[in-house]
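So the structure is just underneath, and the comments pick up after that.
The values are calculated or read from the model by the stated rules, or taken from the named source; none is laboratory data. All values derive from a computational prediction rather than experimental measurement. Neighbour counts run over all protein chains shown; Cβ positions are idealised from the backbone, glycine included.
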Amino acid sequence: MSRHEVIVELGERSYPVIVGRGVSGEVGRFFPASARRAVIVTQEGLPAIDLGGFPHTTLRIGRGEEHKTLTTIEDLCRGFATFGLTRNDVVVAVGGGMVTDVAGFAASAWHRGTAVVHVATSLLAMVDAAIGGKTGVNIPEGKNLVGAFWQPDAVLCDLDHLASLPATETRCGLGEIAKYHFISGHEMLDMELDERVATCARIKAGIVSADEREGGARALLNYGHTLAHAIETVGRHSVAHGEAVAMGLVFAARLAHRLGRIDANRVQRHREVVGQVYGLAEKPSEPLDVDALMATMARDKKATSGLTFVLDSSRGLEVVPGIEPDIVSSVLVEYLAS
């Protein structure tokens, strides 16, 4: 496999996304010159990285979305304080999307902004979560409602870490790759793994470079996420994020069809990509309360003007605000019953 370098172009804050085997061993190259110590934030059972003789300590957070909370941020920051981490030092996030979200948020808050380098160990983190600087945690009312934009100094996607991933984690990554299929039109399953990851990174880097804080085109990266986050929250995270995104893609296509934005063939294409190409479920297997899903979607962070979805059309994906709740509810009932 080849080594790839993708640049997220943000002027003086530009940074590389490195994709390849063994690249986590390069992490020290991306520490700020001012750094004199580092804190590694990770979870039990994840790969260890070698910082050589660089002074550091390791803090581990719990597994599962129930640990993606403000309490965990406080625990990390108290660990930073105990170790004596300064604003000039560096946080190193080693893990999947939960770890990069949490560690990135803690770094953004510590002394009002401390450098962070992400070592992505899951497919989902490599193709999406670790890139772009969106960090955050959950509250009972919804997923990722509290957070900050805080760009890393580098993202290292070490493909060696993927071999030991459980099937659920692989499916999570495939759900995000399916999303990129509809954003870009790229057919990626015929690509080698390194090129597939690098292609997703290029797509996201290009969008983030043009719209860092989600004022326009970056919102398209949320395709499938409005219902996905509701499924995760209402289902108490019994459905993993990437799998929920795949379900959200199918629902969004059905909603777009009801609104006259796409035809039935395009809806079927969504079902084929999700179910046949990527082998993912089209809807939750367990019953979920429609009213609870609707209430959660209304609190989604994109919902600044009523119920808001990214929807397909003959012009491509678009952000569509202010959709009538009765229409969304009707389509949701049909989708869950189908």
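Here are some notes:
- Looking at G316, G306, just one residue is in contact with a Pro (Cβ under 9 Å, 6 or more places away or on another chain), loosely packed, with under 15 Cβ neighbours inside 10 Å and free of Cβ contacts under 8 Å to residues at least 60 places away in the same chain, and that residue is G306.
- Residues in segment 89-129 that are of a type in the set (F, W, Y) and either within 17 Å of the chain's Cα centre (by Cα) or not assigned by TED's automatic domain parsing to the domain that holds I61 (or both): F105 only.
- Strands (runs of 3 or more DSSP E) (entirely within segment 1-77) containing at least 1 residues that are closer than 30 Å to V239 by Cα: 15-20, 38-42, 56-60
- Any chance H229 is outside any helix (DSSP H, G or I), touching an Asp or Glu at 6+ places or on another chain (Cβ under 8 Å) and in contact (Cβ under 8 Å) with a residue 24 or more places away in the chain: no
- Considering (1) small (G, A, S); (2) touching a helix residue (DSSP H, G or I) at 6+ places or on another chain (Cβ under 7 Å); (3) surrounded by fewer than 17 Cβ atoms within 10 Å (Cβ to Cβ), the lone condition that A33 does not fulfil carries the number (2).
- Residue within segment 187-204 that is among the hydroxyl-bearing types (S, T, Y) and under 26 Å from G25 (Cα atoms) present: yes
- Residue within segment 125-148 that is part of a loop (DSSP other than H, G, I, E, B) and more than 25 Å from T199 (Cβ to Cβ) present: yes
- Of the numbered criteria (1) in contact (Cβ under 8 Å) with a residue 12 or more places away in the chain; (2) among the acidic types (D, E); (3) over 23 Å from E318 (Cα atoms), the one D291 fails is (1).
- For first residues located in segment 319-330 and over 12 Å from A295 (Cα atoms), partners that are in a helix (DSSP H, G or I) and of a type outside the set (K, R) and lie 6+ apart or on another chain with Cβ distances below 6 Å form the pairs V319/A219.
- Scoring L124 on the criteria (1) surrounded by fewer than 24 Cβ atoms within 10 Å (Cβ to Cβ); (2) over 17 Å from D153 (Cα atoms); (3) not charged (D, E, K, R) leaves a single failure, condition (1).
- Taking the listed residues D326, D291, D300, D263, the one that is touching a strand residue (DSSP E or B) at 6+ places or on another chain (Cβ under 8 Å) and of a type outside the set (F, W, Y) is D300, with no other qualifying.
- One residue alone among D128, D101 is closer than 22 Å to A230 by Cα, in contact (Cβ under 8 Å) with a residue 12 or more places away in the chain and out of contact with any strand residue (DSSP E or B) (no Cβ under 9 Å at 6 or more places or on another chain), and that residue is D128.
- Looking only at residues in segment 244-287 that are surrounded by 22 or more Cβ atoms within 10 Å (Cβ to Cβ) and small (G, A, S), the one that is farthest from K179 (Cα to Cα) is A256.
- Pairs meeting the criteria (first residue in segment 167-178 and assigned by TED's automatic domain parsing to the domain that holds S122, second residue among the acidic types (D, E) and assigned to a helix (DSSP H, G or I), beta carbons under 7 Å, at least 6 apart or on different chains) are R171/E243; C172/E243; G175/E243; E176/D128.
Yes or no, residue by residue, for (1) without any contact (Cβ under 8 Å) to a residue 40 or more places away in the chain; (2) surrounded by 22 or more Cβ atoms within 10 Å (Cβ to Cβ); (3) not hydrophobic (A, V, I, L, M, F, W, C):
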{"site": "V8", "(1), (2), (3)": "no, yes, no"}
{"site": "V17", "(1), (2), (3)": "no, yes, no"}
{"site": "G45", "(1), (2), (3)": "yes, no, yes"}
{"site": "L70", "(1), (2), (3)": "no, no, no"}
{"site": "E74", "(1), (2), (3)": "yes, no, yes"}
{"site": "G97", "(1), (2), (3)": "no, yes, yes"}
{"site": "F105", "(1), (2), (3)": "no, yes, no"}
{"site": "H111", "(1), (2), (3)": "yes, no, yes"}
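- Residue within segment 167-189 that is surrounded by fewer than 24 Cβ atoms within 10 Å (Cβ to Cβ), in a strand (DSSP E or B), under 14 Å from the mean Cα position of the chain (by Cα) and not polar (S, T, N, Q) present: no
- Here E44, E26 are screened, and the one residue that is under 14 Å from H118 (Cα atoms) and among the charged types (D, E, K, R) is E26.
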